[in-house]
1. Non-local amide H neighbours of residue 186 (under 5 Å, H modeled in plane, Pro and chain starts lacking H): which ones?
2. Nearest 10 degrees is fine. How inclined is helix 33-45 to the longest principal axis of the chain, computing both from alpha carbons?
3. Measure off 7 Å from each Cα along the Cα-to-Cβ vector at residue 273 and residue 299, then give the distance between these two points in nanometres to one decimal.
4. Residue farthest toward the positive end of the dipole of the chain, with Cβ of Lys/Arg at +1 and Asp/Glu at -1: which of 285, 214, 23?
5. Calculate, in whole percent, how much of the Cα-Cα pair population of the chain lies beyond 30 Å.
6. For region 298-364, what is one quarter of the convex hull surface built on the Cα atoms, given in nm²?
7. If contacts are Cα pairs under 8 angstrom and at least 6 residues apart, what is the relative contact order of region 298-364 in percent?
8. Pairs to check: 53/87; 102/246; 216/246; 75/303. Give those whose C-alpha atoms are more than 28 Å from each other in this structure.
Amino acid sequence: MITGCNKLTQVTDVITQPTAREVYARNFDNDSLPYLNWNRAFARALQDSVEVKLPYAEQGVFNADNLPVYAYNLKLELGRNYHFQVKTDSLNPLVFIDIYEKTSDSIRPYKLLEQADYKTASLNFSPKNTGDFKLVIQPQLGATSDFTMSFGSAPAYAFPVAGLSSKAIQSFWGAARDGGSRSHEGVDIFASRGTPVLASVAGYVSSTGNRGLGGKQVWLRDGLFGSSLYYAHLDSIIASRGQRVKVGDTLGLIGNTGNARTTPPHLHFGIYRRGSGAINPFPFIEEAAFPEISETSTEIPTKVVVNASQANLRQGPSAKMQKNGSLSRRDTIWVLGRSADWLHIKTSENQSAFLHESLVQALN
Ligand SMILES: [Zn+2]
């Protein structure tokens, strides 16, 4: 039988560290057909190519009859701390949240990186590189509940200039410099002269000085990642070499020393990573972005019928997303959820896609 709670934790779990799915599997016989189908639905969803951009929210109903699995292709960036959450309204339905990284292996194109503690139905994830990932969400077998999914992210570092946010950045990574002979290896944050420049992370000051293009500068070594943060064009340096700092400690004051002499005062902020040199600092300090969740006024149907002569399926919840199929009048489809006015659907061939809600009407 299907139960909401998993079997007793086994003593060996301390050593083998089974995944949440493996622990859940102990509730079932290996040849239990509902359980096999639940696993097959999961394996199939790994082939899905639905793509969403963060911040993202989706609401709907877990309908046990259609073995719902939600798989999203996501582009995630080094420097962001991602938070994926699923809220349900029924008593403790288990929700599994897995995050995979795309590999170059054609046989196993996705490698499992992390799995949520299913009791909390939320997953925090900080990618070690910028790239393509897949998020898979599956409620426990038989779960029936309203749900709200929320995917968002926050910066890994604190903003390096007092009182400002990433809106104060006016020149970005990769912009042309010196007539295109080099490209901008950081971001420029404009602020009035004398504004404090802050430690974005706890660490120690590895170097200070007045030299070259950067003028008066401070180098902060990140104790956690081993990266170096570069603060340039300072009017004055306050931190001293070898000093240990906490997040928010003042390192210096905004100015326009070095090759910024002819421009208004600003901080040039860069991040250098061992082995890869300068990396784009913007994701590390861009302000947090979480979706706004609105109370749904209308009930979200679980099954709909197409009422247009042709209904284009899209890879994501926007008419700009690639078309990945089409349906005809009177085709019926499962609704997995809704994001704004787009339905996340599953066709009778088990293809997942998005469809504008104006093209369908609710069944029943
Ligand atoms: Zn700059």
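1. The list, which skips near neighbours in sequence, is 174.
2. 40
3. 4.9
4. Going by the Cα projections, it comes out as 214.
5. Everything past 30 Å amounts to 50 percent.
6. Working: hull surface 16.0 nm².
Mean shadow area of the hull around the Cα atoms is 4.0 nm².
7. Across region 298-364, relative contact order equals 38 percent.
8. 102/246; 75/303
Every number here is computed from the coordinates shown, using simple stated rules; none is lab data. All values derive from a computational prediction rather than experimental measurement. All Cβ positions, glycine included, derive from the backbone under ideal geometry; neighbour counts span all protein chains shown.
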